[in-house]
Amino acid sequence: MSDTIERIKCLIVGSGPAGYTAAIYAARADLKPVMYTGMEMGGQLTTTTEVDNYPGYPEGVDGTKMMEDFKAQAERFDTQVRFGLVTKVELSKEKGGIHKVEVDGSKQIEAETVIIATGASASYLGLESEERLKGGGVSACATCDGFFYRDQDIIVVGAGDTAAEEASYLAKICKNVTMLVRRDEMRASKAMQKRVLNTKNIKIMFNTELDEVLGEKVVEGVRVVNNQTKEKQEIAVTGVFIAIGHKPNTSLFEGQLTMNESKYLITKGKSSKTDKPGVFACGDVQDHEYRQAVTAAGSGCMAALDAERYLASLDD
Ligand SMILES: Cc1cc2nc3c(=O)[nH]c(=O)nc-3n(C[C@H](O)[C@H](O)[C@H](O)COP(=O)(O)OP(=O)(O)OC[C@H]3O[C@@H](n4cnc5c(N)ncnc54)[C@H](O)[C@@H]3O)c2cc1C
């Protein structure tokens, strides 16, 4: 353990759209923010090629390039962007209290405010072919990528509300949607099931699992297996949407901040305030609903404004 403790006004944990936007606002408000990027510098968008729906990029933009632009803008206002992983936190319960944070298992930081922007990770099945074809037809986000599959045949894997919602959304854009459901029934709410069952171009294959995604550079089809009969079958599709859930990156805050049953952080009302004074959450880590770059960025702005107002209220 290092024995030098650094004292800062505003610590930002995470370098996705939420973290960088919080940094831009916090830096311009003179909070002298320090950001730790985590292992995925730039966040989830660095795993995708084309971002077509972020305002301000009329021709679309590569995800990594977009996050480099966010970083450059945050640094223009003197945000200190540091590569490192927050490994432990001890959050104060008191208004005006100091939050203790450990980085990379050794560096100690004391922060007056903490902005949590650690995001969420989409769950995948773990097939080699699925991993290889991510960005080449395998996606975990219908809102982000559905547009690229207009009038094409696609697969949705999953049986819950998210899968049903993704399938309904994609059915409006794509020619045919086939849902692979592992059990003999769906887990989605009755209302969502009804919506899916009443959509003409959605077909549901029960007791069916994805065995392999086919194609070298881009998706050309899938091989599925009926887990009752063990019968395998190939289906020609150009897109595979994995909709088996997301996992928010919140294990660090277990027992210290209130979370919902899926471990997303809970914020108060329309604000970014958590239940610890001076600790704010923004982006996907507190949003299981929208999970988009632009909504993450918007809530990053809110978190920085909330942090600024919190510090001002201490001076009062
Ligand atoms: C393949 C793919 C394509 C997508 N395409 C689009 C699209 O076209 N348009 C769109 O609007 N949205 C898209 N999304 C969704 C979008 O990426 C997310 O909504 C957005 O990135 C969420 O931003 P965030 O800042 O909340 O978190 P994230 O982008 O998830 O960033 C989280 C950050 O936290 C850091 N972190 C985590 N734990 C720690 C820790 N302990 N210490 C320090 N740092 C930590 C990570 O390193 C990372 O930098 C896509 C998502 C995926 C996966």
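To make sure I understand the rule: partners must be lysines, Cα under 18 Å from the Cα of K71, and not fewer than 8 residues away in the same chain. Which ones qualify?
Leaving aside lysines fewer than 8 places away in the same chain, those within reach of K71 are K32.
Using amide H atoms built in the peptide plane, which far-off residues or other-chain residues are under 5 Å from E212 H to H?
Under 5 Å from the amide H of E212: R223.
So for the chain, taking the charge dipole from beta-carbon charges (+1 Lys/Arg, -1 Asp/Glu), which of V157, T47, G239 sits furthest toward the positive end?
So the residue we want is V157.
Could you check the simple spin-label distance between S121 and I266, using points 7 Å along Cα→Cβ, in nm with one decimal?
That separation, rounded to one decimal, is 2.6 nm.
How long is the gain from V294 to K32 if the chain were fully straight, where each residue apart is worth 0.36 nm and the alpha carbon distance is subtracted?
Difference between extended and current length: 91.9 nm.
Between the range 297-316 and the range 161-203, what's the alpha-carbon centroid distance in Å?
41
When the convex hull of the C-alpha atoms of the range 1-102 is computed, what volume per residue in Å³ does it have?
Taking the convex hull of the Cα positions in the range 1-102, it is 119 Å³ per residue.
Measuring from label point to label point, each 7 Å out along Cα→Cβ, what is the Y54 to L252 span in nm?
That separation, rounded to one decimal, is 2.1 nm.
Using modelled amide H (1.01 Å from N, peptide plane; none on Pro or chain starts), what sits under 5 Å from the amide H of I8, excluding residues fewer than 5 places away?
For I8, the qualifying residues are E110, A111, E112.
For the chain, which whole-number percentage of the solvent-accessible area (1.4 Å probe, protein heavy atoms only) is attributable to carbon and sulfur atoms?
Numbers: 7650 of 15800 Å².
Summing carbon and sulfur atoms, their accessible area is 48 percent of the total for the chain.
To the nearest 10 square angstrom, what accessible area does S251 show with a 1.4 Å probe?
For S251, solvent-accessible area is about 90 Å².
For the range 225-238, just list the computed ³J(HN,Hα) in residue order, Karplus coefficients 6.51, -1.76 and 1.60, θ = phi - 60°, integers in Hz, with x standing in for Gly and Pro.
10, 7, 6, 9, 8, 6, 6, 9, 8, 9, 10, 7, 9, 10
If I take the Cα coordinates of the range 272-316 and project them onto the principal axes, what are the three extents in Å, biggest first?
Result for the range 272-316: principal-axis Cα extents of 36, 19, 8 Å.
For H246, H99, what's the largest-to-smallest order of accessible area, 1.4 Å probe?
Most to least solvent-accessible, the answer reads H246, H99.
Please report the Cα spread of the chain along all three principal axes, rounded to whole Å, starting with the longest.
66, 39, 36
Let me have the 222 nm mean residue ellipticity of the chain computed from DSSP H runs of 4+ only, each contributing -39500 (n - 2.57), with the sum over all residues rounded to the nearest 500. Please report the intermediate quantities before stating the final value.
Working: 7 runs with 77 residues, N = 316.
Rounded to the nearest 500, it is -7500 deg cm²/dmol.
Taking the Cα atoms of the range 219-292 alone, what are Rg (to one decimal) and Dmax (as a whole number) in Å?
When restricted to the Cα atoms of the range 219-292, Rg and Dmax are 19.3, 57 Å.
Report the paramagnetic label zone for I5: residues of the range 279-316 whose backbone N is under 16 Å from a point 7 Å from Cα along the Cα-to-Cβ axis.
None, by backbone N distance to the label point.
By residue number, which cysteines of the chain lack any other Cys whose Cβ falls under 4.7 Å from their Cβ?
If one checks each Cβ against the other cysteines of the chain, C10, C174, C282, C301 turn up with nothing under 4.7 Å.
Nearest 5 percent is fine: what portion of the DSSP beta bridges confined to the chain is antiparallel?
Numbers: 26 of 59 bridges.
Once the DSSP bridges in the chain are tallied, antiparallel ones form about 45 percent.
Mind checking which of A304, A29, A164 has the largest fluctuation in a GNM of the chain, springs on alpha carbons under 10 Å?
A29
Please go through the residue pairs K172/K217; K93/K268; K9/K88; K172/K200 and name each one whose alpha carbons sit more than 22 Å apart in this structure.
Working: K172/K217 26 Å; K93/K268 16 Å; K9/K88 18 Å; K172/K200 10 Å.
Those over the limit are K172/K217.
Give me the distance in nm between label points sitting 7 Å out from Cα along the Cα-to-Cβ direction at M39 and T143, one decimal.
2.7
Taking the solvent-accessible surface of protein heavy atoms with a 1.4 Å probe, what is the per residue accessible area of the range 21-176 in Å²? Before the final figure, lay out the partial values.
On the way: 7280 Å² over 156 residues.
For the range 21-176, the per-residue accessible area is 47 Å².
Please list, by residue number, everything in the range 251-287 whose backbone N is under 14 Å from a paramagnetic label point 7 Å out along Cα→Cβ of E90.
Within reach of a label on E90, which here means backbone N under 14 Å from a point 7 Å along Cα→Cβ, the range 251-287 contributes nothing.
How big is the antiparallel share of DSSP beta bridges in the range 1-111, given as a percent to the nearest 5?
Values: 11 of 21 bridges.
In the range 1-111, DSSP labels about 50 percent of beta bridges as antiparallel.
If you average the sequence gap of Cα pairs under 8 Å that are 6 or more apart and divide by the length of the chain, what percent do you get for the contact order? Kindly include the intermediate steps, with their values, before the conclusion.
Working: 742 pairs, mean separation 66.2, N = 316.
About 21 percent, as a whole number.
What is the gain in length, in nm to one decimal, between D315 and E110 on full extension, counting 0.36 nm per residue of separation less the C-alpha to C-alpha distance? Write out the running numbers ahead of the final one.
Details: separation 205, 0.36 × 205 = 73.80 nm, distance 1.85 nm.
Additional length available on full extension: 72.0 nm.
The values are calculated or read from the model by the stated rules, or taken from the named source; none is laboratory data. As the structure is a prediction and not an experimental result, all values here were calculated from the model. Quick reminder, even Gly has a Cβ in these numbers, built from the backbone with ideal geometry, and neighbours come from all protein chains shown. These accessible areas exclude ligands, DNA and RNA; they are computed on the full protein's heavy atoms, side chains included. Shrake-Rupley method; radii C 1.70, N 1.55, O 1.52, S 1.80 Å.
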